[in-house]
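Structure first, then comments.
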Amino acid sequence: MIGVANFIVFKKVDKLVALAVLGAVLLTWGFLVGFDAFYAFVGEVGDVGTGGYTLSKAVAYTLLTVPRRGYQMFGNAALIGGLMGLGMLAASGELTALRAAGLSKLRICFSVIFSLVALTLLVMLMGETIGPRGEQKAESLAMAAKAKDVSIGKGGSLWARDGETVINAKHGRTRATRDGPTVELQDVRVFEFTPQGQLDALSFAKTATHTRGEWTLHDVRRTQFHGAEAKTILQQQTAWKSALDPNVLAVSMIHPEYLSASDLSRNIDYMHRNRQDASSYELAYWSRIFYPLNVLVLAFCAVPFAFGTLRTGGLGKRLFIGMALAISYYFFQRAVVNLGPIYNFNLALANALPALLLAAAAAVYFRKFG
């Protein structure tokens, strides 16, 4: 009977903490996403009037990106909301009562994490489904209105028209070089048509780069059609006379971190088979795989700071500590992750290492003060 009674008491504790924490997390999450979306909308308003881009399309674009923004903002919302939720319990004296009843800081922290697990899983599901799809639809909507000759296909592939030529690129990215910013298209197909709409030539290129105002195709296989005959030539590099605006292409490219894990996995496999650099996609992939670990560990490790406010400080101090921890952890994590490709670290380990170090620090804390 005593064991059953204790079990019921612990269930009530979890419910009490969950109601306080989830309410604060949802409120914080809504504020952060709303502010981010409004800021993005203000930026889109500046493009209204470009081509067929209207105010209603700017609103639609912003709304379609909300799921992706919610996925990205949830980690910070979980951290700040967890601190606010426990802060409200501390202000009402309930947190003091829980501590006086013999509950350790560790047990209360686990109650916070229990309340966040289900919500984190839902956010992960959103980040794998409506988040990437909404982002792709938003970019397609914007590009169709701003530049009618450029569109985005499934999985972030790029389609563009340049006069009688149609271009398809499976991937695209911008990178800095000694010659300045370079736009690079990968796995490029160039379809050349006659004015009558007949296919005149088809070119396959491993990459196409735009540097110093000029386009260049690399590792090209070009097939020219003459009636029933076809002639194929191979070229290591050739100039490509195209009026495609590299700035428009750079804006239209879907960032790897906006793709779902399944799309990232397919792109990684494809690029490996073609002996291409897939590091940017691998970083985004492992970031998604370790997303719940990073969210929950960060929230778990931030919660102990709330206990210090039982005697000193207030809500402002808790928020400051939470945001300072979130910003510090973000920069530390990005530094470790970005060093992975440079020093040939295992990218899975590079993504997991910051969370593991933070968890180890928490274990030391709870061993001394829990």
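A compact table of results
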| quantity | calculated |
| --- | --- |
| Qualifying residues in region 261-282 (those that are surrounded by fewer than 20 Cβ atoms within 10 Å (Cβ to Cβ) and touching a residue at least 24 places away in the same chain (Cβ under 8 Å)) - the one farthest from I342 (Cα to Cα) | S262 |
| Residues located in region 181-221, provided they are at negative phi, basic (K, R) and in contact (Cβ under 8 Å) with a residue 24 or more places away in the chain | K206 |
| Residue in region 241-251 that is of a type outside the set (D, E, K, R), more than 15 Å from the chain's Cα centre (by Cα) and modelled with pLDDT of 85 or more present | no |
| Cβ-Cβ under 7 Å pairs, at least 6 apart or on other chains, region 351-370 side without any contact (Cβ under 8 Å) to a residue 24 or more places away in the chain, far side assigned to a helix (DSSP H, G or I) | L353/V336 |
| Qualifying position, being more than 24 Å from the chain's Cα centre (by Cα), assigned by TED's automatic domain parsing to the domain that holds C109, among the aromatic types (F, W, Y) and at pLDDT 75 or above, among F332, F307, F320 | F320 |
| Elements of type helices (runs of 4 or more DSSP H) in region 255-306, at least 1 residues being basic (K, R) and either under 21 Å from Q136 (Cα atoms) or touching a helix residue (DSSP H, G or I) at 6+ places or on another chain (Cβ under 7 Å) (or both) | 261-273, 279-289 |
| Qualifying residues in region 190-246 (those that are in a strand (DSSP E or B) and among the hydroxyl-bearing types (S, T, Y)) - the one farthest from A160 (Cα to Cα) | T232 |
| Out of A97, A37, sole residue that is part of a helix (DSSP H, G or I), surrounded by fewer than 21 Cβ atoms within 10 Å (Cβ to Cβ), of a type in the set (A, V, I, L, M, F, W, C) and touching a Lys or Arg at 6+ places or on another chain (Cβ under 7 Å) | A37 |
| Pair list, Cβ < 9 Å and 6+ apart or interchain, from region 283-296 residues that are among the small types (G, A, S) to residues that are crowded, with 19+ Cβ neighbours inside 10 Å | A284/P256; A284/Y258; A284/L259; A284/L264; S287/N294; S287/V337; S287/N351 |
| Residue check, T50 among the hydroxyl-bearing types (S, T, Y), more than 21 Å from the chain's Cα centre (by Cα), surrounded by fewer than 20 Cβ atoms within 10 Å (Cβ to Cβ) and part of a helix (DSSP H, G or I) | no |
| G49 on the phi > 0 side of the Ramachandran plot and free of Cβ contacts under 8 Å to residues at least 40 places away in the same chain | yes |
| Among the candidates V112, V59, residue that is of a type in the set (V, I, T) and more than 30 Å from P246 (Cα to Cα) | V112 |
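The values are calculated or read from the model by the stated rules, or taken from the named source; none is laboratory data. Please read these numbers as outputs of a predicted model, since none were measured by experiment. Backbone-built Cβ (ideal geometry, glycine too); neighbour counts: all protein chains shown.
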